[in-house]
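Down below is the structure, laid out as structure tokens.
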Amino acid sequence: KAGVTQTPRYLIKTRGQQVTLSCSPISGHRSVSWYQQTPGQGLQFLFEYFSETQRNKGNFPGRFSGRQFSNSRSEMNVSTLELGDSALYLCASSLASGISSYEQYFGPGTRLTVT
Amino acid sequence: GDSVTQMEGPVTLSEEAFLTINCTYTATGYPSLFWYVQYPGEGLQLLLKATKADDKGSNKGFEATYRKETTSFHLEKGSVQVSDSAVYFCALRGETSYDKVIFGPGTSLSVIP
């Protein structure tokens, strides 16, 4: 079974631009979560989608948004990029939402650099 | 709210040494506990998990026991290898935070020959 895939793997953008990252979960998984990983802040939860609905959102500004499609693929968008948005963005999929024992499977991440 | 605390390191060990990475948590009820590993340049991989008190998770020679009385989930390995060099994250998914996984800050491990 294929794992979680994220595209693109690397991205360089300029301040003020916007970016869209894509995530394809493991087949059969309906929950997709997004995390931002930086050396200073560690892993921070962005949001989770389940059945095309946002279930939960972390403490990030409204410039960060996401969506999920009917095939469970998810995209996240960051508008008006800032230098501080440079990070590794990780997507994780899980069979379902609301079940604490269900582990998350992570993709390799998208490395975003904002210049 | 739920939280995870773990030793941040970096930890440097010689090959075949014994490894312990401490992890304690704060959560209501009975969360599920996880250890994830991140190799350089890669995403996180699930290493092991435990879903109830006194459960022992194990994988690739690593073990961790869910201790409800001490709210701990320490990671251990009897003999580390150079290939174990990575960052290890303790995490929980709780009854009140079931929508997301709460991660500790990560512990960097370097194993030298």
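Rule-based calculations on the coordinates, nothing more; no lab input. Keep in mind the model is a prediction, meaning the values are calculated, not measured. Ideal geometry is used to build each Cβ from the backbone, glycine not excepted, and the neighbour counts take in all protein chains shown.
Remarks
- The mean count of C-beta atoms from other chains within 10 Å of the C-beta of residues in A:56-66, rounded to a whole number, is 1.
- Across the range B:58-113, the fraction of Cα-Cα pairs farther apart than 15 Å, rounded to a whole number, is 60%.
- C-alpha center-to-center spacing [the range B:33-58, the range A:22-85] in angstrom: 21
- The count of lysine pairs in the range B:40-113 whose Cα atoms are under 19 Å apart, excluding pairs fewer than 8 places apart on the same chain, comes to 9.
- Neighbour net charge for A:Pro8 - beta-carbon separation under 14 angstrom, K R +1, D E -1: +2
- Neighbour-count ranking [beta-carbon atoms within 10 angstrom, fewest first] of A:Asp85, B:Asp54, B:Asp2: B:Asp54, B:Asp2, A:Asp85
- Per residue, the convex hull volume that the Cα atoms of chain B enclose (Å³): 90
- The base-10 log of I(q)/I(0) for chain A, evaluated at q = 0.10, 0.18 Å⁻¹, reads -0.26, -0.85 [Debye formula, identical scatterers on Cα atoms, solvent excluded].
- Dimensionless Rg/Rh of the protein assembly as shown - Kirkwood Rh, Rg from C-alpha atoms: 0.97
- Checking every one of the trypsin sites (Lys or Arg not before Pro) in the range A:1-97 against DSSP loop status and a limit of 10 other Cβ atoms within 10 Å picks out A:Lys1.
- For the peptide B:46-59, the mean number of other protein chain Cβ atoms found within 10 angstrom of a residue's Cβ is 1.
- Of the trypsin sites (Lys or Arg not before Pro) in the range B:36-65, the ones in a loop by DSSP (not H, G, I, E or B) with at most 14 other beta carbons within 10 Å are B:Lys52, B:Lys60.
- Karplus 3J(HN,Hα) series, Hz, for the range A:65-75 with 6.51 cos²θ - 1.76 cosθ + 1.60 (x for Gly, Pro): 9, x, 7, 10, 9, 5, 8, 6, 4, 10, 10
- Extending 7 Å from the Cα toward the beta-carbon at both B:Ser85 and A:Ala2 defines two label points whose distance is 3.3 nm.
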